[in-house]
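Written out below as structure tokens is the structure these notes cover.
The values are calculated or read from the model by the stated rules, or taken from the named source; none is laboratory data. Keep in mind it's a predicted model, so treat the numbers as computed, not measured. As a convention, Cβ positions derive from the backbone with ideal geometry for all residues, glycine included, and neighbour counts pool all protein chains shown. When the accessible area is computed, the model is the full protein with side chains, heavy atoms only, and any ligands, DNA or RNA have been set aside. Shrake-Rupley method; radii C 1.70, N 1.55, O 1.52, S 1.80 Å.
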Amino acid sequence: MKTALYALLATAALAAPAIAQETASPVTHIKAARMVDVLTGKVVDYPLITVQDGRIVGIADSRTVKLSANAKIIDLGSKTLLPGLIDMHVHLDGPADIGGYRGLEFTDSFWGMTAVGSARAMLDAGFTTVRNVGAGHRNDIGLKQAIENSYAVGPRIVPAGHALGATGGHCDSTFLPPSLEKDHKEEGIGDSVDELRYQVRRQRKYGAEVIKICATGGVFSRNTEPGQQQLSEEHMRAIADEAHQWGIRVAAHAHGGDGIKAAIKAGIDTIEHASLVDDEGIKLAVARKQPVWFSMDIYNTDYTQSEGKKNGVLEDNLRKDREVAQIQRDNFRKAHKAGVRMVFGSDAGVMPHALVGGQFKVMVQYGMTPLEAIQAATRNAAEALGREKDVGAIAVGRFADMIAVDGDPLADVRALESVDVVIKGGDIIKGAQ
């Protein structure tokens, strides 16, 4: 009896590895001529990336690894591999060619419908992760759920839901007279510490993974100026404390110098636009122990000034856009030179989502090396999101989100304006078919 039992156990032990191999998830190997390692800043020749269950499980030299004859291989030939790009400031439910009062031509659900195409355009442009900083009707949260459940194709979305701000501020509805406004505050609007804390909780409750606030006035709102501070340091500190307590980060739309400084002092995580930042604000950003990141959209003015009037954008908004544009670009150079931490943010929606790769060349024009511009959209962005274990680099354990381009983007960053191959979670989205 014992002899039979021992024999049975021995047979089971010998069979276990074979069973494990049969039930293991399939493995895919991706190879190319070279790879940009954004963590070290080095170029790796002949990379072989092994992917299983959507994540990277191995990186090797393809010249030294002998794969079985039936191994699944994606061979990208002479192309250069990079991590999937990350845009930290997008509005997926905002078509760029609809401006000003033209938005009143469409029903409320229209904007969510347009977001599906915008998401696909960004993914095809190589942006496998985006942070959507404010959306009507929580369109960004609904789209994220649709993508994750295979009802739509798009990037990984870090959604904010409704943006938070003061009554009459940039995040409020400012285009209509009182007779056409609702008789209660817009979603996300608060005028006291308690109201704003509640709005943080409310957005998180319904799916927000980042909190977006409007610290100052804006360019494309009505009856606000970019330099106006609209939330006090006390208000912003309450928002930051509440959000951090729940484990989520805060992005502050802040053009004006005073609003930027108040946001930095209040513990806000990313400063969006940072157009009119002064020397004191730059010093505060560099010196703050808890990292603060600047996300400066220094490309989209090319589109808004050439196409804005045709799209219905009001002259007053175009005037503000003109006044801020060059100052913002010069301050980008100054902030980068001073050592401010920078991430890639395009404000896609102000310009077409498919064109955002054009910002890389402007970042280089205003002081970054091509590698630094690429790191802003990969390594830095992942750190600013708090998601270094998932995105932002081609590294073991992270999602197998990659892009491939012809040529050397470290020599000519404009290679990123036309991405040839997009891979998300190990699946080919574009190219290499």
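Only helical runs count toward this figure. For the chain, summing -39,500 (n - 2.57) over DSSP H runs of n ≥ 4 and dividing by all residues gives -10500 deg cm²/dmol at 222 nm.
Among Ile282, Ala208, Ala240, whose Cα lies farthest out toward the positive end of the dipole of region 193-290, if unit charges sit on the beta carbon of Lys, Arg (+1) and Asp, Glu (-1)? It is Ala208, whose Cα lies furthest towards the positive end. Taking each of Lys79/Lys361; Lys31/Lys424; Lys261/Lys283; Lys144/Lys389; Lys72/Lys424 in turn, the alpha-carbon distance tops 18 angstrom for Lys79/Lys361; Lys144/Lys389.
Charging the Cβ of each Asp and Glu at -1 and of each Lys and Arg at +1, and nothing else, the dipole of region 90-176 about its Cα centre rounds to 220 debye. Under 16 Å of direct C-alpha separation, and excluding same-chain neighbours fewer than eight residues apart, Lys265 reaches these aspartates and glutamates: Glu233, Glu234, Asp241, Glu242, Asp278, Asp279, Glu280. Separation of region 275-329 from region 201-232 is 15 Å, based on Cα centroids.
How long is the gain from Glu280 to Arg201 if the chain were fully straight, where each residue apart is worth 0.36 nm and the alpha carbon distance is subtracted?
Numbers: separation 79, 0.36 × 79 = 28.44 nm, distance 3.22 nm.
Here the answer is 25.2 nm.
Taking label positions 7 Å along the Cα-Cβ direction at both Gln365 and Gln245, the computed distance is 4.6 nm, reported to one decimal. Among the trypsin sites (Lys or Arg not before Pro) in region 377-423, those located in a DSSP loop and surrounded by at most 14 other Cβ atoms within 10 Å of their own Cβ are Lys389.
Order Ile327, Ile30 by their accessible area, 1.4 angstrom probe, all chains in place, largest first.
Numbers: Ile327 75, Ile30 0 Å².
In descending accessible area the options line up as Ile327, Ile30.
In what sequence, largest accessible area first, do Leu180, Leu82 appear using a 1.4 Å probe? Show your work: numbers first, answer last.
Values: Leu180 120, Leu82 0 Å².
So, going from the largest accessible area down, we get Leu180, Leu82.
Accessible surface ranking for His235, His255, His137, 1.4 angstrom probe, highest first: His137, His235, His255. Length, then width, then depth: along the principal axes, the Cα atoms of the chain run 87, 54, 45 Å. When the charge dipole of the chain is built from unit charges on Cβ atoms (+1 for Lys and Arg, -1 for Asp and Glu) and taken about the Cα centre, the candidate among Phe110, Ala71, Gly99 whose Cα reaches farthest toward its positive end is Ala71. Note on Tyr101 and Asp302: their simple-model spin labels are 3.3 nm apart, each label 7 Å out from Cα toward Cβ.
What FRET efficiency do you get for Glu181 and Gln290 if R0 is 41 Å and r is their Cβ-Cβ distance, rounded to the nearest 0.05? Walk me through the numbers before you get to the answer.
On the way: r = 38 Å, r/R0 = 0.93.
Efficiency at R0 = 41 Å is approximately 0.60.
Give the residue from Asn132, Gln326, Val421 lying farthest towards the positive end of the charge dipole for the chain; charges sit on Cβ (+1 for Lys and Arg, -1 for Asp and Glu) and the dipole is referred to the Cα centre. So the residue we want is Val421. Determine the distance separating the Cα centre of region 354-370 from the Cα centre of region 378-433; give it in Å without decimals. Centre-to-centre distance over Cα atoms comes out at 16 Å. Averaged over every viewing direction, what's the projected area of the C-alpha convex hull for region 50-121? Give it in nm², one decimal, please. With every direction weighted equally, the projected area is 8.5 nm². From the Cα gyration tensor of region 155-296, with a ≥ b ≥ c the square roots of its eigenvalues, which class applies: rounded if a/c is under 1.5, or else prolate if a/b is larger than b/c, or else oblate? Oblate shape, in that a/c is at least 1.5 and b/c is the bigger or equal ratio.
Derived from the Cα gyration tensor, the three semi-axes of the equivalent ellipsoid of region 68-160 are 32, 14, 12 Å, largest first. Computed over the alpha carbons of region 307-391, Rg followed by Dmax gives 14.8, 45 Å. Of the trypsin sites (Lys or Arg not before Pro) found in region 44-142, those in coil by DSSP whose Cβ has at most 12 other Cβ atoms within 10 Å are Arg63, Lys66. For the chain, the longest principal axis of the alpha carbon atoms and the long axis of helix 301-311 meet at an angle near 70°.
For the chain, with all protein chains in place and a probe radius of 1.4 Å, 52% of the accessible heavy-atom surface sits on carbon or sulfur. Charges were assigned to the Cβ only: +1 to each Lys and Arg, -1 to each Asp and Glu. The resulting dipole of the chain about its Cα centre is roughly 1280 debye. The residues of region 327-433 present an accessible area of 36 Å² per residue when probed at 1.4 Å with all protein chains retained.
The label-point distance for Asp194 and Ser68, in a model that sets each label 7 Å from Cα toward Cβ, rounds to 6.6 nm.
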